[in-house]
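Q: Pasting in a structure now, in structure tokens, and then I'll have a few things to ask.
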Amino acid sequence: MKRIITALAIVVVVAMGLFAQTGRWEILRAEYGSGGTWVDVTAHIRSLVRGDSLNIRVTNDTLGGDPAPGSPKTLRLRVRDESGRVSTLSFPEKESIALSIRTSGPGWGALQITRAEYGANKRFLDVADLLNSRVQGNQLSLRVTNETMGGDPAQEIRKVLTVWYTYNGNDAQVSVNEGETLSLPGSSASQGGLRVLRAEYGADNRYANVTSRLSGRIQGDQLSLRVTNDTMGGDPAEDRHKTLTVWYTFNGRIADVVVNEGDYLNLPGSNDYFLGNLRILRAQYGAGSRQFDVSERLNSQIQADHLSLRVTNDSMGGDPAEDKHKQLSVLYIYNGRQLRVTVEEGDYLNLPGSGSWRDEASNGGLQILQATYGAGDRSRDVTDRVSALVSGNQLQVQVSNSTMGGDPAEGQRKRLKVIYLLQGLRYQTTVAEGETLILP
């Protein structure tokens, strides 16, 4: 049934105590999904506004993909009315909507925190409401400490405050280190400090995610280390020469650098910055452990910071998992934000558009696909044992005969090989007996 927000409907809604007395809305944030799986479709929804109206039907095709296959989905719009009140409108999948959208007028473009997290190593506090309460005259300035953030979510670890906000109709994101000062409105990227967005180490579609490892090595906005299996925490591609790829921000600019195994990583660099707002970090197409890396293929097809194509075996360059339904998982940067989107085979990928980040629920979390422990041709499957050690989408275990449930190759030094999914992408690593496996 088509929902039309009219003056009469608004009177009814006001009587229920839900929304303010106006039907013209400023879109602050839009999310599409179900349960614990949601994608940010704010930019995509705004692109569908024509004049001062949004008239769409809530479908996977309209919103750029299916974030939760098999589940009934909902479009949630966080909006602000002309008197400054913020509300959330929800529209079930397949419902048609018609909204009057505000792009000017009193109160339009005011500073609004849409999301804010303070912490480290997946231990975070939601501080969006706290920060919104501190906004005065469309300005926010405060020193980032445990006291101003309302607590310490990760004791003895240097924390970061990440804020997503809207101002003058534009979305922006900023990250500020503990001890520094948050000033809004400001840059959409890191305000001066060095921050690793993503780091991957490996070769030939065999990569390990080493973002947390590198982030923990930053000192005084500098990072310097030799790239080896030891410093990277394992060997994701044995007998192959590997590379470390790092995407990072510094002084409000985004950069990426590739360092060969054995060479030194020194950040920030002087020539690492790239042009454009859209960049694919990692893209994989397939099912389960059978995946093609299609990052370069997708980056080569970006035109004027846009990418649109139908996800098929032909467009992805082949079929990595015959007789199985496949997915395309994409991690990308757009306007300083790190985003993730998953598109089913046969559907369309449209970037920039729908995307989410820090989605640890459902298929976004850490999942052990396969784990084997041994030496040479003497090894055993320890997938269930390693999976049972995952806690809070993290895994840390010393590799030994005891922790792996026995010795499959007596007298030989053994290795643990793990293939895993993280945020919808396939990774792998190998750790020697006596060393510690840390994921991610």
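The values are calculated or read from the model by the stated rules, or taken from the named source; none is laboratory data. All values derive from a computational prediction rather than experimental measurement. Neighbour counts are summed over all protein chains in view; Cβ atoms, including those assigned to glycine, are modelled from backbone coordinates with ideal geometry.
Q: Report yes if Gln327 is under 18 Å from Tyr32 (Cβ atoms), polar (S, T, N, Q) and outside the structural domain of Ala199 (by TED's automatic domain parsing), otherwise no.
A: Here the answer is yes, as Gln327 does meet what is asked.
Q: From the list Tyr167, Tyr201, pick out the single residue that is at pLDDT 85 or above and either among the aromatic types (Phe, Trp, Tyr) or over 25 Å from Leu425 (Cα atoms) (or both).
A: Residue meeting the stated conditions: Tyr201.
Q: Can you give me the number of residues within region 383-432 that are at pLDDT 90 or above and either in the same structural domain as Ser329 (by TED's automatic domain parsing) or aliphatic (A, V, I, L, M) (or both)?
A: Number satisfying all stated conditions: 2.
Q: Right, here's the next one. Hey, does region 365-378 have a residue that's closer than 18 Å to Glu31 by Cβ and at pLDDT below 80?
A: No, that holds for no residue.
Q: Restricting the search to region 304-320, which residues are modelled with pLDDT of 85 or more and either under 22 Å from the mean Cα position of the chain (by Cα) or within 23 Å of Tyr334 (Cα to Cα) (or both)?
A: His306, Leu307, Ser308, Leu309, Arg310, Val311, Ser315, Met316 - these are the residues of region 304-320 that are modelled with pLDDT of 85 or more and either under 22 Å from the mean Cα position of the chain (by Cα) or within 23 Å of Tyr334 (Cα to Cα) (or both).
Q: Considering only region 85-100, state which residues are on the phi < 0 side of the Ramachandran plot and modelled with pLDDT of 85 or more.
A: Scanning region 85-100 gives Thr88, Leu89, Ser90, Phe91, Pro92, Glu93, Glu95, Ser96, Ile97, Ala98, Leu99, Ser100.
Q: Now for a different question. Looking only at region 147-161, count every residue that is touching a residue at least 12 places away in the same chain (Cβ under 8 Å) and either more than 29 Å from Ser391 (Cα to Cα) or surrounded by fewer than 20 Cβ atoms within 10 Å (Cβ to Cβ) (or both) and tell me the total.
A: Of the residues in region 147-161, 5 are touching a residue at least 12 places away in the same chain (Cβ under 8 Å) and either more than 29 Å from Ser391 (Cα to Cα) or surrounded by fewer than 20 Cβ atoms within 10 Å (Cβ to Cβ) (or both).
Q: Among the basic types (Lys, Arg), in the same structural domain as Ser141 (by TED's automatic domain parsing), modelled with pLDDT under 85 and out of contact with any Asp or Glu (no Cβ under 7 Å at 6 or more places or on another chain), is that true of Arg50?
A: no
Q: Within region 139-146, can one find any residue that is part of a loop (DSSP other than H, G, I, E, B), loosely packed, with under 15 Cβ neighbours inside 10 Å and either at pLDDT 80 or above or not charged (D, E, K, R) (or both)?
A: Among the residues of region 139-146, at least one is part of a loop (DSSP other than H, G, I, E, B), loosely packed, with under 15 Cβ neighbours inside 10 Å and either at pLDDT 80 or above or not charged (D, E, K, R) (or both), which makes the answer yes.
Q: If we keep just the residues of region 45-76 that are within 17 Å of Tyr348 (Cα to Cα) and among the aliphatic types (A, V, I, L, M), which is surrounded by the fewest Cβ atoms within 10 Å (Cβ to Cβ)?
A: Applying the filter and picking the extreme gives Leu48.
Q: Which of the residues belonging to region 147-161 are closer than 10 Å to Gly179 by Cα and part of a loop (DSSP other than H, G, I, E, B)?
A: Result: Arg158, Lys159.
Q: Residues of region 256-289 being surrounded by fewer than 15 Cβ atoms within 10 Å (Cβ to Cβ), of a type outside the set (Ser, Thr, Tyr) and at pLDDT 80 or above, which ones?
A: Listed by number, the residues that qualify are Val258, Asn260, Gly262, Asp263, Asn266.
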